[in-house]
Amino acid sequence: MVDIVESISIFRIKAVCKVYLIIGANGFIGAYMIKKILTYSNEMILATANSNNHLSLICDKRVQWRHLDVSDFAGVDLLSEDTAITHESLKIIYLAAYHHPDQVEKNLQFAWHINITCLSYFINKFYDTRCFFYPSTEMVYGDGGENKKFNEESSLNPLNLYGKHKKIAEEIVYGAGKNVLRFPVLMGPSLLMHKKHFYDCIIEDLSQGKRVEMFSDMYKSMLDFDTVAKITITLMESYTEDMAKCLNVSGDESLSKYDVGVRIAQKHGYPTNLIRPISLSDDNAIFAVKRPRSVLLDNAKVKKLLHLEEIRMKFE
Ligand SMILES: NC(=O)c1ccc[n+]([C@@H]2O[C@H](COP(=O)([O-])OP(=O)(O)OC[C@H]3O[C@@H](n4cnc5c(N)ncnc54)[C@H](OP(=O)(O)O)[C@@H]3O)[C@@H](O)[C@H]2O)c1
């Protein structure tokens, strides 16, 4: 476990260094972001975690952990003061969110506070930083069907409160002149000891010869955590003020969860017939809150910006 006080003082001493600040770094995406910064940049990383017991997740001398609950405004003030000397060059990735769609509808005032009020407070305190990247979701677009591809200029019609919160959060981010990346559903192994991703649960079930039911009629431009993190860090490393403020970061392919399940089974050498296709209309019990059936994203802008010929889901 990293000593928090010691961690802060070390950070102050090295405050002249260039730094990435990751808020909510102890989640699925955060762990991949740290991995990619360590690979593609030589900057320091100040990583914040809400749960104290997960502060020491990734140990590297370039990574320093600090506790932060974004709803503790005094803590946000202190973080802003402690990093003030670096603000001009500071790159922030803001991942903290209350984001499970079913939970957002159940605890709507709490969700609003974390997703909107706290984001707004935080961004105001870090207004003068070099760049700030915020992960939004395909869910802001609403249902598009199997043929339509949404680009960044498409109108937004979120079907559930989670999508609506992300739409409002995006406006806060644009209002402060910062950047939004719209991600599809992401898949991949968890790099965290304390929580498994759906991907890990699929492998666990397959390894025990259990069948896994997956939707075969909901299509998304799905992508893996590793590729999304690599693209995000590449964008941040090449950041300029005139970079497009909103970018879809998604795969080229239109994939159902069933398609992805079959790929996972193949990759790990399990029989693909253990993956069983189900239809959204067969089973409404899995999702309490309405989800868009198909949301496909046009990723031409990010591909052009980074000179990428293709973006495909891959599992290492
Ligand atoms: N995964 C996807 O498929 C996907 C797709 C599109 C967009 N996104 C967005 O990407 C972001 C990160 O998602 P993820 O998949 O990495 O989810 P995650 O694993 O649940 O990570 C969310 C992080 O937010 C932190 N957090 C929650 N409440 C906080 C608070 N009050 N103060 C500080 N930190 C707090 C959590 O820390 P604790 O666990 O310690 O509370 C956790 O580390 C979210 O905004 C999500 O909406 C994700």
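A few points about this structure:
- Karplus-based coupling profile of the range 177-192, in residue order and whole Hz: x, 9, 10, 10, 10, 9, 9, x, 5, 10, 10, x, x, 6, 8, 9, with θ = phi - 60° in 6.51 cos²θ - 1.76 cosθ + 1.60 and x standing for Gly or Pro.
- Over the chain, relative contact order from alpha-carbon pairs under 8 Å, at least 6 apart, %: 19 percent
- Using a probe of 1.4 Å, the accessible surface attributed to E153 totals some 130 Å² when neighbouring protein chains are kept in position.
- Estimated FRET transfer efficiency (T240, A300; beta-carbon r; R0 22 Å; 0.05): 0.70
- Across the cross-link table entries K61/K196; K230/K304; K257/K304, which are compared at the Cα atoms, the separations over 23 Å belong to K61/K196; K257/K304.
- Computed over the range 155-274: relative contact order in percent, which uses C-alpha pairs under 8 Å that are six or more apart: 31 percent
- Probe 1.4 Å, protein heavy atoms only - accessible area per residue of the chain in square angstrom: 45 Å²
- The range 164-316: Rg to Rh, with Rh as the Kirkwood radius over Cα pairs: 1.00
- The angle separating the long axis of helix 161-175 from the principal Cα axis of greatest extent in the chain is about 40 degrees.
- Choice from H99, H197, H268 showing the highest fluctuation, given a GNM over the chain with Cα pairs closer than 10 Å: H268
- For the range 43-173, the relative contact order is 23 percent, taking Cα pairs closer than 8 Å that sit 6 or more residues apart in sequence and dividing their mean separation by the residue count.
- The chain: angle of helix 28-40 to the longest principal axis, Cα-based, in degrees nearest 10: 60 degrees
- Cross-link check: pairs K18/K164; K91/K148; K35/K148; K18/K303 evaluated at a Cα-Cα cut-off of 29 Å; pairs beyond the cut-off: K18/K164; K91/K148; K35/K148.
- If only the Cβ of Lys and Arg carry +1 and only the Cβ of Asp and Glu carry -1, the dipole of the range 204-316 around its Cα centre is close to 240 debye.
- With every protein chain in place, the range 210-278: carbon and sulfur % of accessible area (1.4 Å): 46 percent
- Inter-label distance, N52 to D282: 4.7 nm, where each label sits 7 Å from its Cα along the C-beta direction.
- Cα→Cβ-extended label distance, 7 Å offset, between D60 and K290, nm: 4.3 nm
The values are calculated or read from the model by the stated rules, or taken from the named source; none is laboratory data. A quick note: this is a predicted structure, and the numbers were derived from the prediction, not measured. We place every Cβ from the backbone using ideal geometry, glycine too, and count neighbours over all the protein chains shown. Side chains included, ligands, DNA and RNA excluded: accessible areas come from the protein's heavy atoms. Shrake-Rupley method; radii C 1.70, N 1.55, O 1.52, S 1.80 Å.
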